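Step one of this worksheet: look at the structure below.
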Amino acid sequence: MESRLNHFTHPLAQKVLKHINSANKVVSDSTLPTATQDLVKIRASQINGCGFCTDMHTKDAAAAGEDIQRLHLVAAWREAKVYTDAERAALELTEQGTRIADAAGGVTDEAWTNAAKHFDEDQLVALISLIAIISAYNRVNVINKQPAGDYQPGRFG
């Protein structure tokens with residue numbers, strides 16, 4: 001399988017990705033816990049069907065020391081005992097924010113209130129931003145049919 005075009009070397013794509021990468025850097029440098037950021041990126045990528053990002057973020061998280069069981073259970077987080085209440089709130093917000101078109105009112109007040117119990121305002125801004133940013137990356141990769149499976153940890157960071 002090959003991508004439709006090389007998004008990593010195309011001059012216009014590089015300009016666009018530079019700005020998305022800059023926004024991502026702001027979020028990654030925020031006080032939103034790194035483990036939460038990893039879980040959000042993985043779950044949104046799973047929902048969006050982005051194999052490239054799912055591959056990348058699970059491998060990067062594992063290389064950074066994340067427990068492999070937690071990585072394997074992200075898609076079934078509701079039934080898994082390995083996540084904190086804050087992580088569960090972030091995952092719920094991620095699911096609702098990623099599946100925004102599936103819900104007639106978007107993100108529920110309940111999901112928002114639960115997230116606000118666990119994260120301060122800066123972290124909530126980072127969380128919302130991360131959900132939007134990873135969805136942008138996902139869409140670029142899915143539309144481009146970016147192949148998954150051969151990512152090496154740390155390639156982009």
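The values are calculated or read from the model by the stated rules, or taken from the named source; none is laboratory data. These figures come from a predicted structure and were not determined experimentally. Here Cβ is always computed from backbone atoms with ideal geometry, including for glycine, and neighbour counts include all displayed protein chains.
For residues that are of a type outside the set (A, V, I, L, M) and buried (at least 19 other Cβ atoms within 10 Å of the Cβ), tally how many sit in the stretch 88-112.
Total meeting the criteria: 6.
Out of everything in the stretch 25-37 that is surrounded by fewer than 21 Cβ atoms within 10 Å (Cβ to Cβ) and either within 18 Å of Y151 (Cβ to Cβ) or among the charged types (D, E, K, R) (or both), what residue ends up being nearest to the chain's Cα centre (by Cα)?
S28
Check R155 against each of (1) surrounded by fewer than 19 Cβ atoms within 10 Å (Cβ to Cβ); (2) free of Cβ contacts under 8 Å to residues at least 24 places away in the same chain and name the one condition it does not meet.
(2)
Which of the helices (runs of 4 or more DSSP H) found entirely inside the stretch 49-118 contain at least 2 residues meeting this: in contact with a Phe, Trp or Tyr (Cβ under 8 Å, 6 or more places away or on another chain) and in contact (Cβ under 8 Å) with a residue 60 or more places away in the chain?
51-63
Please work out if S129 is farther than 14 Å from H57 by Cβ, small (G, A, S), modelled with pLDDT of 95 or more and in a helix (DSSP H, G or I).
So S129 fits the description; yes.
Go through (1) modelled with pLDDT of 95 or more; (2) surrounded by fewer than 18 Cβ atoms within 10 Å (Cβ to Cβ) for A115 and report which single condition fails.
(2)
Restricting attention to the stretch 119-148, and to residues there that are within 20 Å of E92 (Cα to Cα) and β-branched (V, I, T), which single residue is surrounded by the most Cβ atoms within 10 Å (Cβ to Cβ)?
For the stretch 119-148, the residue satisfying everything is I134.
Given the options S45, S22, name the one that is hydroxyl-bearing (S, T, Y), assigned to a helix (DSSP H, G or I) and loosely packed, with under 13 Cβ neighbours inside 10 Å.
So the residue among S45, S22 that is hydroxyl-bearing (S, T, Y), assigned to a helix (DSSP H, G or I) and loosely packed, with under 13 Cβ neighbours inside 10 Å is S22.
Scan (1) more than 21 Å from L124 (Cβ to Cβ); (2) more than 13 Å from the chain's Cα centre (by Cα); (3) of a type in the set (F, W, Y) for the single condition W77 breaks and write down its number.
(1)
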